[in-house]
1. What about R219, is it of a type in the set (D, E, K, R) and modelled with pLDDT of 95 or more?
2. Taking A130, is it over 18 Å from A80 (Cβ atoms), crowded, with 19+ Cβ neighbours inside 10 Å and not hydroxyl-bearing (S, T, Y)?
3. Would you mention how many residues in the stretch 211-235 are in contact with a Leu (Cβ under 9 Å, 6 or more places away or on another chain) and under 15 Å from I296 (Cβ atoms)?
4. May I ask you to verify whether G74 is of a type in the set (G, A, S) and in contact with a His (Cβ under 6 Å, 6 or more places away or on another chain)?
5. List pairs: first residue in the stretch 72-90 and more than 18 Å from T201 (Cβ to Cβ), second residue acidic (D, E) and open to solvent by 10 Å² or more (accessible area, probe 1.4 Å) anywhere in the structure, Cβ distance under 6 angstrom, at least six positions apart or on different chains.
6. So is D112 surrounded by fewer than 19 Cβ atoms within 10 Å (Cβ to Cβ) and touching a strand residue (DSSP E or B) at 6+ places or on another chain (Cβ under 7 Å) or not?
Amino acid sequence: MAPGARGRGEAVEGGKLSRRKGRRYSAYLRRPSCFKPACDPPAVVDGGDQRVDKGGGREGEQRIPTHLVVMANGIIGSAANWRFAAKQFVKKYPEDVFVHCSECNCSTLTFDGVDVMGERLAEEVISVVARRPELEKISFVGHSLGGLIARYAIGILYEKDLSTKCPEENGDSKTYTSGTQHVEEKLKGKIAGLEPMNFITFATPHLGSRLHKQIPILRGSYALEKMAYHISWIIGRTGKHLFLKDKDEGKPPLLLRMVNDCGDLKFMSALQSFKRCVAYSNACYDFIVGWKTSSIRRQDELPKRESFTKSGEYPHVVYVEKPKTAIVQQEDILETMVSQPKTASEMEEKSKSRKARGNSASPVHKTPLE
């Protein structure tokens, strides 16, 4: 119930308050989390914990953490969406992790497109790392659209030189060459100059939302899916990216380009640099992001309900798929980049074909029941 709404439904009967008549049935209806309205988060999480960063950059009194955890919200979301999870991270690992809930892509800014938002997130991460020279490791956690934004951002941040001073100012070309080689060696396999550890997504539409029952609320109706495709402009450039409608300069859709290294953007190399990649997907109760697109699987690859395997540690996690090792052939990558699929089915197949390439890039699929 919204703040201030309680008084409107209360009645006084014999000196006692009766709230039954004022009870709103809407309280029983679930609202998809990705469409909860954004709100401005407080500077620090309740309780005064100063290692959950909201832009203030303050530190606690204990040992300074060296592991940065970046959390990215979904569409029409905000940093406040990660408030509870951030508190749990810090509570469990008070001297190990520093949690930064991204603030650069909130509310209607999430309509600007995956690429624009990815650039914003990359700049924000660079700013955080610059303020905290003690950081050594980095992990990303993205919810829904936030997972795609994080994937774009790490493509920018892969082996990124964050140094602000240029050795060229010394006028010594040998020193500059030597310094450049040293920096390149130091940044090899790094994300924003830090050691990549975990890349985790929750209900992220990795294959997009175009047709093929990728939006459960449309109940597989081709007419409704086609309508959603045509009105995707409502959510701006983001809609074009999610529905694979963008054709910038004759290039394949952005989500398709992101399954490979594309020019200066090392999307797949960045993803493979993480020691652990996990894709969480909902088997049910998710009306916006389908099970296939969030777990990067074909319809016939989805596990049957009767074959679910429960996790002893986390009862709501019912199935785990171990990573598959595969050898990435350069010819295959080039073929994928040269061959430009035309139909939605071909685009989806190209995206899924990259799922098992590279050991660390193959996600561990964990499917929560709710």
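1. Here the answer is no, as R219 does not meet what is asked.
2. When the stated conditions are applied, A130 does not pass them.
3. 1
4. Yes: the conditions hold for G74.
5. Between residues of the stretch 72-90 that are more than 18 Å from T201 (Cβ to Cβ) and residues that are acidic (D, E) and open to solvent by 10 Å² or more (accessible area, probe 1.4 Å), the close pairs are V90/D49.
6. Criteria not met by D112.
Rundown of residues vs (1) outside any helix (DSSP H, G or I); (2) at pLDDT 95 or above, yes/no style:
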residue: E195; (1), (2): yes, yes
residue: N198; (1), (2): yes, yes
residue: P205; (1), (2): yes, yes
residue: A228; (1), (2): no, no
residue: T238; (1), (2): no, yes
residue: P252; (1), (2): yes, no
residue: F274; (1), (2): yes, yes
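The values are calculated or read from the model by the stated rules, or taken from the named source; none is laboratory data. Small disclaimer: the values here were computed from a predicted structure and weren't measured. Please note: Cβ atoms are built from the backbone with ideal geometry, for glycine as well, and neighbour counts cover all protein chains shown. In case anyone asks, the SASA skips ligands and DNA or RNA and just uses the protein heavy atoms, side chains included. Shrake-Rupley method; radii C 1.70, N 1.55, O 1.52, S 1.80 Å.
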